[in-house]
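Asker: Provided herewith is a single structure, encoded as structure tokens, for subsequent inquiry.
The values are calculated or read from the model by the stated rules, or taken from the named source; none is laboratory data. Just so it is clear, the model here is predicted, and its values are computed rather than measured. Note that we place each Cβ from the backbone using ideal geometry, even for glycine, and neighbour counts take in every protein chain shown.
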Amino acid sequence: MVDRDDDRIRDTERTTTTVVHTDGDRGRGGGLLIAVILLIAVAALLFFLFGGNFNRAADQVGVNVNVDVPEVKVPDVQVPEVNVPDINVNLPDVDVNADSKEEPKQE
């Protein structure tokens with residue numbers, strides 16, 4: 001049997017290093033793209049609604065619509081003045097205590 005020399009045995013420590021990136025640069029490109037598309041869509045919608053493009057078709061064709069409506073006479077209606085009396089309502093005082101399990105007392 002061979003005796004080993006204890007001086008030749010080395011103690012080694014193993015260490016593991018974990019690198020965590022927390023710079024926060026992930027996902028900003030997608031949000032920016034959605035914001036730009038939404039901005040373009042809102043601008044196009046406002047242009048079509050307030051640009052007057054929907055009314056120009058009738059001006060170019062020369063559409064003129066005249067509708068004869070019957071004359072409606074409405075009689076004069078006199079509404080009498082109504083005096084509403086004051087109403088006095090007395091409400092009971094209620095003691096509300098949310099901490100206890102007792103029912104509230106009315107005075």
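Asker: Take the conditions exposed (fewer than 10 other Cβ atoms within 10 Å of the Cβ) and modelled with pLDDT of 75 or more and apply them to residue 31. Does it pass?
Answerer: It is true that residue 31 is exposed (fewer than 10 other Cβ atoms within 10 Å of the Cβ) and modelled with pLDDT of 75 or more.
Yes/no per residue for (1) among the acidic types (Asp, Glu); (2) touching a Lys or Arg at 6+ places or on another chain (Cβ under 6 Å); (3) surrounded by 10 or more Cβ atoms within 10 Å (Cβ to Cβ); (4) modelled with pLDDT of 80 or more:
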position: 4; (1), (2), (3), (4): no, no, no, no
position: 17; (1), (2), (3), (4): no, no, no, yes
position: 21; (1), (2), (3), (4): no, no, no, no
position: 51; (1), (2), (3), (4): no, no, yes, no
position: 66; (1), (2), (3), (4): no, no, no, yes
position: 80; (1), (2), (3), (4): no, no, no, yes
position: 83; (1), (2), (3), (4): no, no, no, yes
